[in-house]
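Single-structure report; data block below.
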Amino acid sequence: MFGLTTAPPAGMKLASMRQNKLTVRLAFSHPVPTPLSPEPEFAVAVRRASVVYPAADAPVRALSEVDLTITPGEFVALIGPSGCGKTTLLRVIADLEPISAGEVLVNGMSPHDARLARAYGYVFQAPALFPWRTVLANVMLPLQIQGRSPQDCRAVALEQLSRVGLQGFEGRYPWQLSGGQQQRVSIARALGFEPRLLMMDEPFGALDEITRDRLNEQLQQLWQREKRTVVFVTHSIAEAVYLSTRIVVMSPRPGRIVKDIRSPLPETRHLGLRDTPEFMAVAHELREALGHD
Ligand code: ADP
Ligand code: MG
């Protein structure tokens with residue numbers, strides 16, 4: 001299992017079918033450049049979504065009528081105590097979990113179609129790299145599955161690795177890297193095919209604080225540069241406040257959204273911001289929201 005949700009054969013078929021269609025259309029119509037597909041109004045739209053996990057004794061209501069719309073370019077943190085349904089919500093958006101009721105759209109498509117169209121990248125809590133592939137080969141894999149040329153795969157993978165500060169590590173194997181470096185490889189891999197939407201499930205949860213700070217800073221800079229939509233699950237108040245333009249607080253039994261905080265902090269951030277009164281005020285508001293379950 002690698003850190004991207006993929007359905008290789010079906011996805012490849014769809015991609016090549018699309019290419020064929022495009023070729024046919026271009027061949028028989030006026031030579032007008034095809035416009036890029038317009039950015040949908042919502043990157044993610046979740047409406048009254050519920051998830052019930054069946055169980056022999058009592059079914060678990062993991063999500064109860066969750067409403068959440070995310071516009072392109074937002075950095076949204078999902079925060080809440082363990083078991084409140086953060087991972088379930090992310091998995092629903094990623095087409096890894098079916099909903100029991102409600103509706104979900106990702107970039108204007110069903111989560112399933114968004115997955116086939118590779119509209120998003122997904123970074124799991126554990127890096128989930130293939131140990132027998134080098135760092136470079138791990139990052140190249142989803143690009144190869146997409147059917148891109150070997151030169152293209154290599155160039156994109158090298159570029160993404162340098163963006164996460166891993167130039168020089170291309171030939172190493174995952175087990176030769178630290179946990180933080182492995183997670184950066186996962187991020188490079190998830191970003192390689194330029195998804196509009198990046199979903200991350202506690203990607204830095206298992207790391208020491210110093211490494212986590214550094215990766216938070218790198219992720220923040222990455223978002224600054226590219227303004228991709230990010231949905232980021234975390235347990236950490238400081239991480240949520242530092243990274244996000246919006247913080248969504250969840251509460252368990254049943255999993256639901258109890259607060260939606262728009263960050264008043266400036267978009268450009270550095271770690272020193274965490275010592276400012278503005279930062280502490282947001283952290284305080286968030287702590288209160290988490291305490292008042
Ligand atoms: P979080 O990520 O916020 O810790 P999860 O989304 O993993 O929470 O889980 C929400 C609830 O659903 C929890 O009570 C958990 O035990 C339950 N749950 C998660 N996955 C399953 C599953 N596959 N089968 C049954 N219950 C599950
Ligand atoms: Mg979880």
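The values are calculated or read from the model by the stated rules, or taken from the named source; none is laboratory data. Predicted, not measured: the structure shown is a model, and the values here were computed from it. Don't worry about glycine lacking a Cβ; one is built from the backbone with ideal geometry, like all the others, and counts go over all protein chains shown. Calculation scope for accessible area: heavy atoms of the full protein, side chains included, ligands and nucleic acids excluded. Shrake-Rupley method; radii C 1.70, N 1.55, O 1.52, S 1.80 Å.
Key figures
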| item | result |
| --- | --- |
| First in region 201-230 and assigned to a loop (DSSP other than H, G, I, E, B) and open to solvent by 40 Å² or more (accessible area, probe 1.4 Å), second anywhere and of a type in the set (Gly, Ala, Ser) and within 16 Å of ligand 2 (Cβ to nearest atom), Cβ under 8 Å, 6 or more apart | Ala206/Ala126 |
| Test: Leu89 is near ligand 2 (Cβ under 10 Å from one of its atoms), open to solvent by less than 10 Å² (accessible area, probe 1.4 Å), in contact (Cβ under 8 Å) with a residue 60 or more places away in the chain and closer than 11 Å to Arg256 by Cα | yes |
| Qualifying residue in region 155-175 (condition: of a type outside the set (A, V, I, L, M, F, W, C) and within 16 Å of ligand 2 (Cβ to nearest atom)) | no |
| Test: residue in region 194-201 that is farther than 18 Å from Val76 by Cβ and away from ligand 2 (no atom under 16 Å from the Cβ) | yes |
| Residue list for region 117-144, restricted to those being open to solvent by 10 Å² or more (accessible area, probe 1.4 Å), among the aromatic types (Phe, Trp, Tyr) and within 16 Å of ligand 1 (Cβ to nearest atom) | Phe124 |
| When residues of region 253-266 are limited to those that are in a loop (DSSP other than H, G, I, E, B) and open to solvent by 70 Å² or more (accessible area, probe 1.4 Å), the one nearest to ligand 2 (Cβ to nearest atom) | Arg253 |
| Residue match in region 275-291 (condition: open to solvent by less than 70 Å² (accessible area, probe 1.4 Å), among the aromatic types (Phe, Trp, Tyr) and under 17 Å from Gly85 (Cα atoms)) | no |
| Index of the failed condition, Ile70 passing every other in (1) open to solvent by less than 50 Å² (accessible area, probe 1.4 Å); (2) within 14 Å of ligand 1 (Cβ to nearest atom) | (2) |
| Evaluation of Arg269 against (1) open to solvent by less than 60 Å² (accessible area, probe 1.4 Å); (2) under 18 Å from Leu68 (Cβ atoms); (3) touching a residue at least 40 places away in the same chain (Cβ under 8 Å) (one fails), failing number | (2) |
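Matching residues to (1) under 21 Å from Gln221 (Cα atoms); (2) in contact (Cβ under 8 Å) with a residue 12 or more places away in the chain; (3) part of a loop (DSSP other than H, G, I, E, B):
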{"position": "Ala126", "(1), (2), (3)": "no, yes, yes"}
{"position": "Glu159", "(1), (2), (3)": "yes, no, no"}
{"position": "Trp175", "(1), (2), (3)": "no, yes, no"}
{"position": "Gly180", "(1), (2), (3)": "yes, yes, no"}
{"position": "Arg184", "(1), (2), (3)": "yes, yes, no"}
{"position": "Phe193", "(1), (2), (3)": "yes, yes, yes"}
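The rows are residues; the columns are (1) in contact with a His (Cβ under 8 Å, 6 or more places away or on another chain); (2) assigned to a loop (DSSP other than H, G, I, E, B); (3) over 30 Å from Gly291 (Cα atoms).
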| site | (1), (2), (3) |
| --- | --- |
| Val52 | no, no, no |
| Asp57 | no, yes, no |
| Val66 | no, no, no |
| Thr88 | no, no, no |
| Asp113 | no, no, yes |
| Tyr122 | no, no, no |
| Pro131 | no, yes, yes |
